[in-house]
Structures are given as C-alpha cells and as structure tokens.
Amino acid sequence: MIHSLFLINHTGDIFLEKHWKSVISRSVCDYFFEAKEKAEDPENVPPVLYTPHHYLVSIYRGKLFFLSVIQTEVSPLFVIEFLHRVADIFQDYFGECSEAVIKDNVVIVYALLEEMLDNGFPLATESNVLKEMIRPPTILRSVVNTLTGGSNVGDTLPAGQLSNIPWRRAGVKYTNNEAYFDVIEEIDAIVDKSGTTVFAEIQGVIEACVRLTGMPDLTLSFMNPRLLDDVSFHPCVRFKRWESERVLSFIPPDGNFRLMSYHVSSQNLVAIPVYVKQNISFLETGACGRLDITIGPKQTMGKMVEGLKVTIHMPKMVLSVNLTATQGTHTYDLTAKVLVWDVGKLNPQKLPNLRGSLSMQSGAPKPEDNPSINMDLKIQQLAISGLKVSRLDMHGEKYKPFKGVKYLTKAGKFQVRT
Amino acid sequence: MLEPDPNYFSSFVCSGEIFELKAELNSDKKEKKKEAVKKVIASMTVGKDVSALFPDVVNCMQTDNLELKKLVYLYLMNYAKSQPDMAIMAVNTFVKDCEDPNPLIRALAVRTMGCIRVDKITEYLCEPLRKCLKDEDPYVRKTAAVCVAKLHDINAQLVEDQGFLDTLKDLISDSNPMVVANAVAALSEIAESHPNSNLMDLNPQTINKLLTALNECTEWGQIFILDCLANYTPRDDRESQSICERVTPRLSHANSAVVLSAVKVLMKFMEMLPKDLDYYGTLLKKLAPPLVTLLSAEPELQYVALRNINLIVQRRPEILKHEMKVFFVKYNDPIYVKLEKLDIMIRLASQANIAQVLAELKEYATEVDVDFVRKAVRAIGRCAIKVEQSAERCVSTLLDLIQTKVNYVVQEAIVVIKDIFRKYPNKYESVIATLCENLDSLDEPEARAAMIWIVGEYAERIDNADELLESFLEGFHDESTQVQLQLLTAIVKLFLKKPTETQELVQQVLSLATQDSDNPDLRDRGYIYWRLLSTDPVAAKEVVLAEKPLISEETDLIEPTLLEELICHIGTLASVYHKPPSAFVEGSRGVQHKRLPGSTGLGESLESPDTGSAAGGSDAPPAVIPSQGDLLGDLLNLDLTPPATTGPPPPPTSGMQLGAMDLLGGGLDSLVFFLFLSPRVQLGGDLGGSSMGAGFGAAPAASPASFSAPVSGGLDDLFDLGGGVGMPMGAYNPPKTVWLPAMKGKGLEISGTFARRAGIIQMEMTLINKAMSVMTDFAIQFNRNSFGIAPAGPLQVLTPLSPNQTIEVALPLNTVGPVMKMDPLNNLQVAVKNNIDVFYFSCQYPISVLFVEDGKMERQVFLATWKDIPNDNESQFQIKDCHLNSDAASSKLQGSNIFTIAKRTVDGQDMLYQSMKLTNSIWVLAELRVQAGNPTYTVSIPLRLKEKKAH
C-alpha cells in the first residue's frame, strides 16, 4: 500500500512529505530526480520507477509532482488514481493546486492526507465526506473565527462514511432545489495532410450540479441510449437499471460531480465540425518558409463554431513569423516556438485565413518534419455524437426541483498533420 | 473540525520560538493552545524539529475538543518513535478514548495507536483493539481491521499470538461491505509478507460474500476485493461463469484501477470457460470497450494500461484486433506513452490493417523525438517480417526514409533491412545499391555491423565489395567487437566467393584478428577460419556459406509460462515490468507463482507447497553431491580441475553395494551432469551473450550402484555402458526408490521413479497404505523446478486405498510449468495430498528423461556449432571399464535419445559425436572417444551451448 507521499515542485524541491507508515528518508527521491533529469521534459518522466528497495509512482499535475513511495506489490493504477484524487481534493478545497496554495494551507493539507489514507489504505476520498470533517478555508470564516475566537467543532460521525451511500451527506437542505446536467463531448481526432480523418473518437462526460434537499432518487433517461456502449459511471449509478432499461438511476452526491463518462469509438462515424486547409512549407534555400491556413465549417449541424484557436509548435529554427490574419489575433512565443492564432467565431461566409512568411535561422538545415496543428473549438448546445437527454424524474422527495440540461462540444486532442 | 489557519509557514523555529511555543502550549486558554499546536504541526510538516515540545504537546491531549485531539495525534504519530518513554504517557488517554461513547473518537484512538510504532505501546493496544474489532459500530470495526495490518507490520508474532488473524478472517463475513473490504485489504497485505499462512481461505461461501460486498463498498474496497477474487480457483466452468457475470459490471466503473482489476479476474476465469460457449464470446466483446476507455485517461494511467494491454493482446489478440486506431500516437503524448503504443500497434498489425499501420509509422518516422523515430523505423521492419504481404511496401517505405538522409533514420533502416533479407532471401536484394550509398554516414556499431553483414552476404552482387570492406578494415582496432567479428566473417565470405582478388585482404584481416587482438572471441573465430581455410577450403565454403535458417516472426514475445503468470498479475507492478513478482518484489521469497487455471485443472484445489516446508519435510539430498554453487564458481572461472580431484572421496563400500556393482558390470566411475539453466532475469549476465546461458559441471558422485545414485539422477547410469549386454534396448530407467517413507507420510509410503515412454515423461509411483484406515482423495502438485516439469493431468487413484493395499500409478508429466532453478538441478519438490494430510517430499529425476526425441542435430549445424565453441571451454572426464564397442554404445545411447551425429576413426580411436536436446530446447553436444580394447571412455563436453545459432 501507499507508504509515503512527497510533493515536489518542478524545480525539484521537496516541499511537503507525509508518511503513513514508518518514515522513509527523502533520499529515495534521488532516483526520481535522476529520471527527471534524463527525461528533460517533466511530462516525460515515467510514472512508475523501480529502485532497489522501493517503487516510486508519480503523477505530474499543475507543475507539481505527486510522488508516492511503495514497498510491496500493489496496483500502480490504484496509486495513480489515488494521487489524482488527492490533487482533485486540493483543487476543490483551495481553488487551485499549486505549491503556494499548499504551503499556505499546510495544516489542512496534512489533516486531509491523514483523513484520506490510513496505513496506506484509502479512508475517505469523497469530497463530500471530507468537507464534513475538515472545512475548506473561506475568507469569511477565518474573519469570523478571528473575531469570535471560536470554531464550530463537529464531533459527530460523518454520516456518509457508514451508510450504503457514502457519497451523500445526510440532512442536506436547500431553499432552491435545482439539478443541472452538462453533457460535454470532446472530439479527439487526427486529420492527415489531405484532410482525411485518420482517427476520430468522442470522449463524453455528463457533469452534474445537484442541490436537492433530503434524499432524492433521480432517474435520467436518454432519447438515444443505444449510442452509449462504452460507459463508466459514478458509483452512485445503479448498474442493473442501466443494463436492463438503459436509464441512469441514482441517489446523487450533493454538489458538483461527474455522473458518467462515455466513449464513442472510432468505429462509429464521428462528425468533424471543421476542415483546415493548410500549407506550411520551408524552402530548401534561403532561410524562410511559407504558411497559409484557412479554416472552414464541415459538419456543424447548423450551429455556430466558437472559441476557435489554432496552436502550432514550430520547429526550433523558426526565428520569427510575419503573418496576417483576416480575423482574430495571432502571437508567436519566441522562446517556446509556439504560434497561437486566436480566431474566435467561425463565419461561414467569410472564412478566416492566416498567411505570411516564416523566417528561419540562417544556415540551419531545413526542418525534417512539418509541425502539427492543434485545434481548439467550442460548439454550444450540441452534443456532436447526437446524444440527447429526454427527461429527469425525481422520487423520494415531494418538492419540485428546477431542472436543466446543457450541451457542449469541444475539441479534445484535435490534431491536423501537415 | 479543522479551521482555516493563517500562514504558519513564515514562522521559523529557533530556540527562542520553541520557548514561546512552550508557553503557549501550557496556556490556560483553549484557543491559544490550539493555535500553538497548529504552529507546531506546521513546523513539523516541513521537516523542522519540534520534538523538544513533546511533553507539552502530549499534555494537550486530554481534551474534549476533537480538533485539538486530532492535531495532537498527528504530532504523536510523528515523534513517538524518537521519544518512546514520553509516548507511554499518552497510553492512558488512548485506552480511555477507546471506550468513548462517540464511535468517531473510538476509531480515531485505535487508529492512532496503531500508527505509533513503539513496542511498549503496542502491548497496550491489544485489549482495546480486540474490543474495537467487535465494536457495534461498523466504522470502528473497519478502522480496527486496518489496525491489525499495522500491528502485524510492527510485531507479527503478537498478532498471531493474540488471535487477531482469526478475528480478521471472521470480519470477511461482516454485514457491512466496508468492513469486509477493509478486512480483505488487511489480510492481503499480511498475506504478502507471510506467504506460509493460509490466510485467504477462499471457498464458495466466502467468494459469495465477497461478491455481495463488491457491489456495495467503496471504489477502493472494490479493488481489494477484486484482487482477492483473482486468487481464487473456481471449481468448474459453471462457477467460473457465474463469478464473471457478477464481476462484469465493474468494467463500467469510473475508477480505472477497479476496471483493470476486473479485467484481471475476467482474463483469468475466462480460461476455464469452454470456447464454444456463447457467454465466452460475449465476454470477449465486453472486454474491449473498457480497455479502450482507459486510454483516454491521464497519461500516467494510460501508461500502466498500455503495459497491461500489451500482455492482453499477446494472450488474446482477438479482444482488440479491431481497435488499432486508438493506439495511434498523438504528437503531444508523453514519450513513454508513445513507445508503448507503438509496441501494441505492431502486435495488432495484420494483413487487414497493415496499410493504415504503415502510413502511421511513416508519419512517426519524421517526428522530432529521436528514440521514438528509431522505434518507428524498427517497427516498419517488424511489420515486414510479421505480415508477408506487406513486406514489399515496407521495404519501399524504408527506402523512402533512407532518402531523407537523416542519420539515425538511415542507420535504423539498414539494421531492419538486414533482418528483412534474412526473412525473405533473394527478394529485395535490388536495394543493396541504395544501401551502399550510405556507407559513410554509418557511425553506430549495430548499423555498421548490419551493413558489413549485407556486403559479405551479397559480395557476389556488389562489384566493389572488396573496396567497401577494405575501407572498414582501416580502423579495425577502433571498431566495437560486434563490428570486428562481422567484418572478419564478411571478408572470409568474400574470399570464398571471389578467391582470386581478395587473398591479400583476407590475410590482412586474419592477422589483425588473431595477432593484434586481445579479444578471445575474435581471436578464436580468426583461428577457426584460418585453419579451416588452410586445411580444407571446400569444407570452409560449406560451413561459412551454409544456408542460414530463416528468422522467426516475432522475437519479442513473452515466453508463454511467464505470460500466463503475468496475466494473473494484471494491474500490478509485475505487469508494468513484465517480470514475475519474485524477480523484483523485495521480501517476496515466498510469493506463490500464479498460473492460469486450465479447463482440465486438478479436480480440487490443492494448496501449492511452499518452498520452505517442502524442503524441510524432504529427505536431505545425498551429501556426496557437491553443491551447485561450487561447481558454478569453478565453471565461471573456467578453472576445470580434473573431476577426480575435486569431488569428495567415494563412500565406503558395503556388501550390498558391491553386489549391486557386480550386477551392473562392475567398477564404474560415475559422472553427474549438472545443467544450470540461468533464470530469465539473469539473462545476459555472467554467462553472457544472447544465447541461453548454460554451463556444465561434472564431478564424481557416489557409485551408481549405491542406493542413492538413481535418485541423484545424473547421467551416470546412462553411461553405464558396461552392463548393457544383457539388457533390452531402450531408454535407461532407474529402479524405484522410496520417496516418502511411511513414517513421514502418516502411513502412506510412496516409492517411484521417472521414465520416458513414447515421448512422454512419466512419474511412476507405487503407493502403499501402511496405515490402519482407508485413504482417498489423492492429488498431487509440484513445486516450481528447473525444467518446468508439471503434472499433465490429475493423479489417477480411482479407488480408495485400503490398509496394506498397494497401487501402481503412472502420472504423465509435461514441461510447461513455471521454471525455477533448483539445487541440485534435477531436484523436484512434490506435494501429495490425501484425505489425511498434505505430504511433502523431494525426489530427483534423471536428466535423461528430459532428452527429447528430435534431439538429432543436422550434421552441418552440429559441425558449425561445435566449431563455434572455443576449445578451452571443454570439459573432459572418463568412464572406466566399459566393455562395449562404439557401435553398441551408440545404439544404446540412442535408446535414451542421445544421438550419434557422426563417427570418426583416428589412430584406432573411435570418436562419436553426439547431440541431445533438452525439453527446454537447450542443445548438449558431446564427443565420446572409444579406444578399442581399452575399457576407458573419454567424454568431452564443450561448455558453450546455444539455443539457436544467431547468425
């Protein structure tokens, strides 16, 4: 099980350590630093490392490494999932997950870690339950407490820990009862030079924000549940009902949570909302190149494409760019060699275009590869897979809640090869 | 409840501050106390030493304030170890808290006590822990379950003595699923450090309870329960299917660790389902989507998932065969994900998708990351070798890549093209010209060696082959060994093909290799060529230019037994490293090797004997056999003193021994072979090279006629040629010996022997019931052993064995079991179970049963292999007093699958060249010299053995 945790910033300083069993010396991290050195890029550090006496399993989140030390054979996925959960909880408590914020709240962090693991076994990892035991910092509360000198110490057992529905706390009360669901789909795609789709799939999630009094029992049904053949559910969803009736039946956690995620595989036809006409070339002689990109709508289902953004990682020898855009703004980061073109809305009547020349280091050889283009976009009120929620029913409580469903399609890892 | 705090970080602990904190901690005001403890904790968290405040902080413990209590507990856990005497002060409060009406406080107290790793405190922990394990509140019980694991970590003996393990086992049947999950987790952790104990006693009832709890407990609990389920072996396919049905819903869990653990259970239990079952097909279909979904998670999760998918596609390629596209690489994937994806792409490549795969690989070959590009180029070559139809396209893709002139791309391409030539000879040689153009840019040894090989192999088609090779020769001494060896061979090949023009060149290289080189490998190869060329050029041509065997399709597949074991470990570190846990998990000496259940497994599960007790319960091996380590040590130093002097003196002869010797034809010196098979993990170690390292040792053992000789099971009796006249032809089979005396077997006496009959190894046993009661329910299992010997079927004792009854049993064996080096090498540890008990004994099988029927090496191959082995690696020993002529000896040996490949007569001496092949594909070559009229045989065995000849 998880033995120890070290938090390490991207320069390689250990700024927090926590041991759930005996204390393990910091020197164990040296193996990690060695691997980090070798990997150059922090993203490329292998997540599982093997040292003579321990295993180091790490994740990289928000420029921080969460490094856990393990002594016996355990499932590394369990460790990685847990570390991500720790990062999620920090995010949830402090609004961000950064070195500064963790240092500012070190006692809470320490108490949280103590509550999340016992002897290396996960104890309480649901944010609902944790928040009942350790209250997140708010400015208001700290002001009140400094003035009154008191604190409300709840010494009752968090109800969720024991019930069969550990994700929901008891005695929830709201004056406005509301349940909102966001169906968010991300398109992961690789499009090749000629514009044909090499690979495309959709990663969908349904994020819920449920603020309902008491113990509501909800049922969410879809117009076309057949689309969903590869799904993962929040533990609250009753799997049997899904198997037999294709509806999501659940007692929701309180607050924000991810109800389900699903995956529409590359074997189904995935609509690609935009096309990119591009020409990036580097001349054999002379230190310059040409760039010409036009973006047009393809399968948008009649909706507006917004938030269009193009990112290109240029080869190292591209010194500067001299480009003009018919729409939006573009910037070139000289040190990171990243060209970003923030296009905005896509107007089908007047297609946005970016063109101009690239100037390169003189004498440098022609780049071996052309850079890939990364696309960002958003389409409101559309789930590109066609998924639609038909209704939400509530049992177990008498009041009438406000209900709402929003759809959003985004580009995930959407790459165009050149 | 913990409250938000101001920034305690700015405070720096200096001596003055310690003083200040001390005052605050002793303050009367609760609030001030609490703030002070918070400051202390903050300092502690960042590694500042605040242990001096121990007594003051402990004084704050007796409070009703839960928040303050928690903070003090945090402090205690950290510093109790360094201040054990002080920590004792806290014990009373702990014990009191364990009685508190509030379950939260009870649980907190028992939890914290378990974290204080001080012996004195653990003594006081037992009573409260016992109460908490039976607490009415499940929250307390679940905390107490974990506490048992903590206590076990600190003092295992105490936990056993206090009977906590039994209480923990009872908790598996608890009504609360969370308690069940924690009990399972705690037991699994204890079991890992404690392999002997039969902690997880899984039976259908407990399995049912686990499956019920599985649906209701937390995600983490589900992982523990699934991992535990994976250790269970269902009784039949019905049970297997019903477990699978109840586990499948977990594939839709949001937690990827739950998903992968469920995949493990399904992959394992699937083995037991009949393939024609509808459900089997359904299950296969259900496995694909969750695996694909894992790939959309965070990169770290993807990495672990990919390593596991790599195993799964090797075992069951059909699951993901349509999902090739999800493994396509995105340019911003981390490098470790890219490399894994590439590996899986090649495994999934087939005729149906090869066009897509190639297009992708070509794209990758122009990426920025050098490691990735190299691997992509290699992947193209592997595709060509794997999918014959695509070979042409692959070659043209490689040629395109060579045109890019990017140095490392060209070099990788040349290395893989060499392999393509080996796979499809006389098909793509037209590209040689293009390759030769890039000769100058090659700076890596592997690429240079590959290019030189190509030039040598196709010297007749390359006009200026001699010039090309000559250019390499200039810097001969600066080249790596690999290149030097290749250059030597290539020039000899060239000479044999174009003898007229290249005489000078070959002499130059031979003298460079033999006279100016310090490398023994190179020197020996040089001498061999030199002698070969000067004595018999025709033979030289036959040897050097012999047709080479085609290379196999997939060279990087994981060996099947290892793969089976790894499938049982899906989702663990073992699966990430693709090594069995015993190879790297510290303190896992007792880790039991897991195997997939077969559809015709043992009727009932029999606990596999653990190494320790099996060895303890067995007869000590005959002391006359020198220990393996010594032999090896000698071998590695190549310090082969004559065997007659290294061995211990022969045991004193007894009357019985003498009689027996007469029976066998008298006075044989015996020899015992030890084959040492280096375990896979050590491959590439001392014995070096890519070939299976194998060493031979020889030493005299006891006289073969002495009682223990057949058990010590060497080749001794095999070479028992003297007495062969009156014996029927056939394999040598030692007589039965007593393996398990009735005294140790609670009345069951087992004697037995091994034989090879019709190509099948059999264990022939006589079971005698010397007890007063009837014996039933026999079953047998073997421990891991050097050659992976395992029962091929269950032990067939159909009728109950009544008192004084004797039964003969023949158990067919196979050699696909898990492998572990034993000492002595041919030692086999056996566990036999009956209705009375489980008995362990060890016996030794004669190596000769392992010689397979197709052990006859091709003459050419034999010759080449023999020559390849340096002379000084040879070990010799003599067999005295054999009165057979060479022909009779040869036919007698053939009966034991030792084949005579060639016979030569020099100076009245008959030289027999012999080959035999072991079940694990190790070839053994031997030379037997027989001088007419002289009853002494000389056996020479070269030391280097190869599984397969490399080039």
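Computed from the coordinates by the stated procedures, all read-outs in this text should not be read as laboratory data. Predicted model, so just to flag it, every value in this text is computed and none were measured. Quick reminder, even Gly has a Cβ in these numbers, built from the backbone with ideal geometry, and neighbours come from all protein chains shown.
Residues whose amide H comes within less than 5 Å of that of A:K406, counting only those at least five positions distant or on another chain, are A:F181, A:D182, A:V183 (H built at 1.01 Å from N in the peptide plane). By the rule of a C-alpha distance below 26 Å, with chain neighbours fewer than 8 residues away ignored, the lysines paired with A:K400 are A:K173, A:K388.
When Rg and the Kirkwood Rh are both derived from Cα coordinates, the Rg/Rh ratio for segment B:464-555 amounts to 0.98.
Checking every one of the GluC sites (Glu not before Pro) in segment B:450-557 against DSSP loop status and a limit of 13 other Cβ atoms within 10 Å picks out B:E474, B:E501, B:E547, B:E553, B:E554. For segment B:470-558, the relative contact order is 24 percent, taking Cα pairs closer than 8 Å that sit 6 or more residues apart in sequence and dividing their mean separation by the residue count. Using θ = phi - 60° in the Karplus curve 6.51 cos²θ - 1.76 cosθ + 1.60, the 3J(HN,Hα) couplings for segment B:265-276 round to 4, 5, 4, 6, 6, 4, 4, 8, 7, x, 5, 7 Hz; x is entered for Gly and Pro.
Checking the Cα-Cα distances for B:K264/B:K821; A:K337/B:K338; B:K423/B:K579; B:K120/B:K169 against a 24 Å cut-off, the pairs over it are B:K264/B:K821; B:K423/B:K579; B:K120/B:K169.
Derived scalar couplings between HN and Hα for segment B:745-752 equal x, 6, x, 8, 10, 10, 10, x Hz in order, rounded to whole Hz, by the Karplus curve 6.51 cos²θ - 1.76 cosθ + 1.60 (θ = phi - 60°), x for Gly and Pro.
Inter-part distance, segment A:177-251 to segment B:189-266, computed on C-alpha centroids, equals 27 Å. Give the relative contact order (percent, whole number) for segment A:274-380; include only Cα pairs under 8 Å separated by 6+ residues. Once normalised by length, the contact order is 38 percent.
Among A:V210, B:V37, A:V340, B:V819, the order by Cβ neighbours within 10 angstrom, fewest to most, reads A:V340, B:V819, A:V210, B:V37. Averaging Cα coordinates gives a centre for segment A:49-84 and one for segment B:320-360; these two points are 27 Å apart.
Rg and Dmax of segment B:135-200, both derived from C-alpha coordinates alone, stand at 10.9, 33 Å. Remark: the A:D292-A:Y399 segment gains 32.7 nm on full extension, using 0.36 nm per residue and subtracting the alpha carbon distance. Rg/Rh for chain A (Cα atoms only, Rh after Kirkwood) is 1.01. Taking amide H as placed 1.01 Å from N in the peptide plane, A:F199 has its amide H under 5 Å from the amide H of A:I190, each at least 5 places away in sequence or on another chain. Overall, the anisotropy analysis places segment A:2-148 in the prolate class: the square-rooted eigenvalues a ≥ b ≥ c of its C-alpha gyration tensor yield a/c not less than 1.5, with a/b exceeding b/c. Longest stretch of chain A clear of exposed loop sites (chymotrypsin sites (Phe, Trp or Tyr not before Pro), DSSP loop, at most 16 other Cβ atoms within 10 Å, sites excluded): A:175-398. Comparing Cα centroids, segment A:90-142 and segment B:779-855 end up 57 angstrom apart.
Between helix A:106-116 and chain A, what is the angle of the helix's C-alpha long axis to the longest principal axis, kept within 0 to 90° and rounded to the nearest 10? So the helix axis and the longest Cα principal axis differ by about 70 degrees. When each of B:K423, B:K96 is scored by the number of other beta-carbon atoms lying within 10 Å, the sequence from fewest to most is B:K96, B:K423.
Computed over segment A:274-380, the Cα gyration tensor eigenvalues convert (square root of 5λ each) into semi-axes of 28, 12, 11 Å, ordered from largest to smallest.
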